[in-house]
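Below: the structure, in structure tokens.
The values are calculated or read from the model by the stated rules, or taken from the named source; none is laboratory data. Note that the structure is predicted; figures quoted are calculated from it, not measured. Cβ sites come from the backbone with ideal geometry, for glycine too, and all protein chains shown count toward neighbours. Surface areas here come from the heavy atoms of the whole protein model, side chains and all, with no ligands, DNA or RNA. Shrake-Rupley method; radii C 1.70, N 1.55, O 1.52, S 1.80 Å.
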Amino acid sequence: MGATPQGKDITIEFDCQFRVGLSSSNFSSIMRAFLMLLPQLLEDFFQKVLVGFAEHEMGLRKKSFVCTACGNDTEFIWKTRHGKPTTILTWFRWITIRQLQVQCKKCGHKQYVTRQLLGMESMKRVPDETRRKLALVGALSSYRVSEKIGKMFGWAVDKMTIWKSVQQVGSKLDFMLDANEEPHGEADGTGVGIVGIPKRGKELKVLVQYKKGGGIRVAGIDIGNYNGSWDKLFQKSIDVIKGFKRPFLLLTDGDASIFASLKGKVTILVQRCLWHIPYQAQYVLWKDAVQRKGEEWLHVVAELMEICAIRPLVDCQDTIQAMIVSNPTLTLFS
Ligand SMILES: [Zn+2]
């Protein structure tokens, strides 16, 4: 149910008449009044469309639904077009619609057909489409901000519902390399720590894959230790890597633990990311107790920045000065 045979359109007549009191004709008054009408308008519209489709279906010999008790799919009678109320979450807000119920003429079994008409699983109150939209908003912003933005545009969806959507959609997401895109990617820790005791001392790790038409796509996400534990990031993609005609080229910070997890499984060309070299050198200088931003320190870092050709990314004034000193022709940074 849900679609007509041969995809033929069904025309729904929808007249509406509302009485609404407004104290002004200015823009915000009209918008506010409309938001008051919205729930009723939505509910009426859903009800009209559902009844329209159900009537059409009842006029056909063979139904697209079957009696869940005896399997009959031809003979039914209407029980009610306005039965027990049920709630569903639209993009804008929760609405209450009256359920449509039919009765099997063969065995007398009564059943609701509302969710079948909506293309929803029985008992479910949040359609997948609503779930995914809320999850995307919730993933791009804090739950509180998501709720606020929603309210600004007339939604009435609370932050708990947004949170729940993020959890449910997130648990079904699976990242891996795409065999149809480039055999080329980058893996790195994000430095974004994970809040919560069980994951303390860990960060979010990401594998991105280059796309054929330009741009990148996320091909792996994992929570792991600051140094190491790349296994899970690549585990799911090993077969995809094997299927590429060219060896997979991976750009990394040079973390050797990446090799450990892939050893003997696939051939991967690894290129150390230039950006990381001067930054990892700073860590080594610190371990060797070289005074930060001292003469020696600045010399090493400035030279490395120059060698790695990442001039535009230098953001430390002292390092910039040291680079100018070591290379007098260098006066402008592009
Ligand atoms: Zn039956």
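At a glance:
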{"item": "Selection within region 291-309 - surrounded by 17 or more Cβ atoms within 10 Å (Cβ to Cβ) and assigned to a loop (DSSP other than H, G, I, E, B)", "result": "308"}
{"item": "Looking only at region 68-91, and only at residues there that are surrounded by 14 or more Cβ atoms within 10 Å (Cβ to Cβ) and without any contact (Cβ under 8 Å) to a residue 24 or more places away in the chain, the one that is nearest to the ligand (Cβ to nearest atom)", "result": "73"}
{"item": "Exclusive hit being closer than 19 Å to residue 39 by Cα, away from the ligand (no atom under 16 Å from the Cβ) and in contact (Cβ under 8 Å) with a residue 24 or more places away in the chain, set 157, 166", "result": "157"}
{"item": "Residues of region 101-126 classified as touching a strand residue (DSSP E or B) at 6+ places or on another chain (Cβ under 8 Å), more than 16 Å from residue 49 (Cβ to Cβ), of a type in the set (A, V, I, L, M, F, W, C) and within 16 Å of the ligand (Cβ to nearest atom), total", "result": "2"}
{"item": "Every pair of residues 6+ apart whose Cβ atoms lie under 7 Å, when the first sits in region 174-186 and is in contact (Cβ under 8 Å) with a residue 12 or more places away in the chain while the second is open to solvent by 70 Å² or more (accessible area, probe 1.4 Å) and part of a strand (DSSP E or B)", "result": "175/221"}
{"item": "From the options 132, 19, residue that is assigned to a loop (DSSP other than H, G, I, E, B) and of a type in the set (Lys, Arg)", "result": "19"}
{"item": "So residue 312, is it in a helix (DSSP H, G or I), modelled with pLDDT under 75 and either open to solvent by 70 Å² or more (accessible area, probe 1.4 Å) or in contact with a Phe, Trp or Tyr (Cβ under 7 Å, 6 or more places away or on another chain) (or both)", "result": "yes"}
{"item": "Of all residues in region 157-181 being part of a helix (DSSP H, G or I) and of a type in the set (Gly, Ala, Ser), the one that is most open to solvent (accessible area, probe 1.4 Å)", "result": "171"}
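For (1) basic (Lys, Arg); (2) modelled with pLDDT of 95 or more; (3) surrounded by fewer than 17 Cβ atoms within 10 Å (Cβ to Cβ), each residue gets a yes or a no:
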| residue | (1), (2), (3) |
| --- | --- |
| 5 | no, no, yes |
| 23 | no, no, yes |
| 26 | no, yes, yes |
| 39 | no, no, yes |
| 52 | no, no, yes |
| 61 | yes, no, yes |
| 101 | no, yes, no |
| 113 | no, no, no |
| 118 | no, no, no |
